[in-house]
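Enquirer: My questions will all concern the structure given below.
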Amino acid sequence: MNINDFLPKAYTHTLIDDSVSYEAPSNIALIKYWGKHGEQLPKNPSISFTLSNCKTTTTLSFEALEEELDEGYDFEVFLDGEPEPGFEPKIEQFFNRINKYIPFLRQYRFKIETSNSFPHSSGIASSASGMSALSLCLMQMENLMQPNMSIEHFNEKASFLARLGSGSACRSVNGPLVVWGSHESIEGSSDLYGINYPYKINEVFNDYKDTILLVDKGEKQVSSTVGHNLMNNHPYAVGRFEQAFEQILNIIPILENGNLDAFIHLVEREALTLHAMMMTSSPYFILMKPNTLQIIEKIWNFRRETEIPVCFTLDAGANVHVLYPESHEQRVLDFIKNELVAYCQNGHYICDSVGSGARKL
Ligand code: DP6
């Protein structure tokens with residue numbers, strides 16, 4: 001697929017007034033996307049677990065305008081039933097980026113009603129699930145106008161659009177493991193959209209758990225766009241991008257044979273590398289909090305003492321994702337309750353597990 005394949009074909013049906021709804025999950029990267037170029041293209045391939053409980057539900061209602069707008073868009077956004085004008089600039093930027101691929105944006109008045117399964121102030125980014133859900137709603141509209149579209153094209157284009165809203169959002173259409181970014185060893189991989197990981201996945205990963213420890217629920221210290229830009233002229237950027245390509249090669253046998261020691265080593269190293277990049281950029285940031293480090297140390301001690309294969313990963317923030325196989329769920333949850341909850345803001349954490357992707361409602 002190349003970029004021109006996402007330009008729409010002639011529509012055979014017209015839509016008047018109606019609504020479409022989708023729910024889309026969040027995702028957690030095992031190999032991180034950090035650094036972008038051009039129009040939302042990644043500097044290196046990444047791979048993520050699609051989550052299940054952390055998700056955004058979006059209903060897009062539309063009403064045909066009498067005349068197509070010359071510029072701008074006619075839309076309003078509601079979060080949990082309340083107007084949320086704070087989301088408008090990001091959606092306007094998204095619409096500007098996708099306008100040539102979704103040419104009916106100026107022909108309708110839209111109402112975007114969205115809600116997240118996780119609290120807005122949890123420090124969990126809703127941009128991945130939110131941009132994925134909105135892109136799927138727009139694709140559903142396009143599908144109604146062009147009903148002979150294949151399911152493959154539908155999903156690829158939804159992911160393609162979601163990427164233009166937020167890079168990691170393109171990994172929130174499919175599941176359970178999604179690769180985004182072209183890599184010679186991953187057949188079908190592309191910088192333009194995410195694909196389902198195409199090779200054998202050991203059954204230990206089927207119902208992998210992710211318990212998200214909410215260490216800091218505040219606003220992000222650094223927006224992801226600013227963060228990605230810090231990789232331009234970063235002294236270690238070239239080495240980091242090469243390493244990420246290598247990590248994709250390394251993860252293929254691990255995903256097949258279920259070697260959890262190797263999995264843990266790779267995943268934790270990725271998380272710490274992401275933070276190392278932020279600590280060594282100009283300007284530099286420390287996004288971990290003292291409690292993040294306390295949790296990491298406790299996880300390491302618990303793993304050493306019990307030999308239970310539990311590990312952590314991090315996003316661009318202080319919260320900790322605790323990853324472990326389902327077979328150890330009870331013991332890890334006891335450990336979290338007894339030893340880690342004390343480091344979470346207001347004792348808050350979210351239990352999630354690997355999921356299979358977005359769903360039409
Ligand atoms: C650290 O997808 O939020 O979570 O493309 O600017 O919207 P934009 O960035 P975003 O970056 C996420 C970065 C990360 C790692 C990852 O999810 O791969």
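Enquirer: Of all residues in segment 132-176, which are within 13 Å of the ligand (Cβ to nearest atom) and not in a helix (DSSP H, G or I)?
Expert: Selection gives 166, 172.
Enquirer: I would also like to ask the following. Restricting to segment 233-249, name every residue that is open to solvent by 70 Å² or more (accessible area, probe 1.4 Å) and either closer than 22 Å to residue 324 by Cβ or within 15 Å of the ligand (Cβ to nearest atom) (or both). I'd like the intermediate steps shown before the answer.
Expert: Let us first name the residues in segment 233-249 that are open to solvent by 70 Å² or more (accessible area, probe 1.4 Å), namely 233, 235-236, 238, 242, 245-246, 249.
Listed by number, the list holds a single entry, 245.
Enquirer: Another question about this same structure. If I filter segment 98-114 for residues that are exposed (fewer than 15 other Cβ atoms within 10 Å of the Cβ) and touching a helix residue (DSSP H, G or I) at 6+ places or on another chain (Cβ under 6 Å), do I get at least one hit? Reasoning before the result, please.
Expert: Filtering segment 98-114 for residues exposed (fewer than 15 other Cβ atoms within 10 Å of the Cβ) gives 99-100, 103.
Checking which are touching a helix residue (DSSP H, G or I) at 6+ places or on another chain (Cβ under 6 Å) leaves us with 99.
Yes; the residues of segment 98-114 include at least one that is exposed (fewer than 15 other Cβ atoms within 10 Å of the Cβ) and touching a helix residue (DSSP H, G or I) at 6+ places or on another chain (Cβ under 6 Å).
Enquirer: Can you tell me which residues in segment 56-77 are assigned to a strand (DSSP E or B) and either open to solvent by 70 Å² or more (accessible area, probe 1.4 Å) or within 16 Å of the ligand (Cβ to nearest atom) (or both)? Spell out the reasoning first.
Expert: Residues of segment 56-77 that are assigned to a strand (DSSP E or B), as a first pass: 56-64, 74-77.
Of everything in segment 56-77, those that are assigned to a strand (DSSP E or B) and either open to solvent by 70 Å² or more (accessible area, probe 1.4 Å) or within 16 Å of the ligand (Cβ to nearest atom) (or both) turn out to be 56, 63, 76.
Enquirer: Restricting attention to segment 209-228, which residues are free of Cβ contacts under 8 Å to residues at least 60 places away in the same chain and either within 12 Å of the ligand (Cβ to nearest atom) or surrounded by 19 or more Cβ atoms within 10 Å (Cβ to Cβ) (or both)? Spell out the reasoning first.
Expert: Of all residues in segment 209-228, those free of Cβ contacts under 8 Å to residues at least 60 places away in the same chain come to 219, 223, 225-226.
223, 225, 226, listed by residue number.
Enquirer: Testing residue 151 on (1) β-branched (Val, Ile, Thr); (2) under 20 Å from residue 220 (Cβ atoms); (3) free of Cβ contacts under 8 Å to residues at least 40 places away in the same chain, one condition comes back false. Which one is that?
Expert: So residue 151 meets the others, but not (2).
Enquirer: Which condition number does residue 281 fail, the rest of (1) open to solvent by 10 Å² or more (accessible area, probe 1.4 Å); (2) without any contact (Cβ under 8 Å) to a residue 60 or more places away in the chain; (3) not in a helix (DSSP H, G or I) being met?
Expert: (1)
Enquirer: Of all the residues that make up segment 139-153, how many are open to solvent by less than 10 Å² (accessible area, probe 1.4 Å) and over 22 Å from residue 54 (Cβ atoms)? Steps first, please.
Expert: We begin by selecting, within segment 139-153, every residue open to solvent by less than 10 Å² (accessible area, probe 1.4 Å); these are 139, 141-142, 145.
Adding the requirement that they be over 22 Å from residue 54 (Cβ atoms) leaves 141-142, 145.
Final tally of qualifying residues: 3.
Enquirer: Right, next: Of all residues in segment 300-309, which are among the aliphatic types (A, V, I, L, M) and without any contact (Cβ under 8 Å) to a residue 24 or more places away in the chain? Let's see the steps before the verdict.
Expert: Of all residues in segment 300-309, those among the aliphatic types (A, V, I, L, M) come to 308.
Listed by number, the list is empty, since nothing qualifies.
Enquirer: If only one of 14, 50 is under 22 Å from residue 255 (Cβ atoms), in contact with a helix residue (DSSP H, G or I) (Cβ under 8 Å, 6 or more places away or on another chain) and β-branched (Val, Ile, Thr), which one is it?
Expert: Testing whether each residue is under 22 Å from residue 255 (Cβ atoms), in contact with a helix residue (DSSP H, G or I) (Cβ under 8 Å, 6 or more places away or on another chain) and β-branched (Val, Ile, Thr) leaves just 50.
Enquirer: Oh, and also: Answer yes or no: is there a residue in segment 45-52 that is under 23 Å from residue 96 (Cβ atoms) and either crowded, with 17+ Cβ neighbours inside 10 Å or more than 10 Å from the ligand (Cβ to nearest atom) (or both). Don't jump to the end; show me each part of the working.
Expert: Of segment 45-52, the ones under 23 Å from residue 96 (Cβ atoms) are none.
No: zero hits.
Enquirer: Examine segment 194-205 for a residue that is more than 12 Å from the chain's Cα centre (by Cα), away from the ligand (no atom under 15 Å from the Cβ) and open to solvent by less than 10 Å² (accessible area, probe 1.4 Å), and state whether such a residue exists.
Expert: There is at least one residue in segment 194-205 that is more than 12 Å from the chain's Cα centre (by Cα), away from the ligand (no atom under 15 Å from the Cβ) and open to solvent by less than 10 Å² (accessible area, probe 1.4 Å).
The values are calculated or read from the model by the stated rules, or taken from the named source; none is laboratory data. All figures in this text were calculated on a predicted structure; none of them were measured in a lab. FYI the Cβ positions are ideal-geometry reconstructions off the backbone, even for glycines, and counts take in every protein chain you see. In case anyone asks, the SASA skips ligands and DNA or RNA and just uses the protein heavy atoms, side chains included. Shrake-Rupley method; radii C 1.70, N 1.55, O 1.52, S 1.80 Å.
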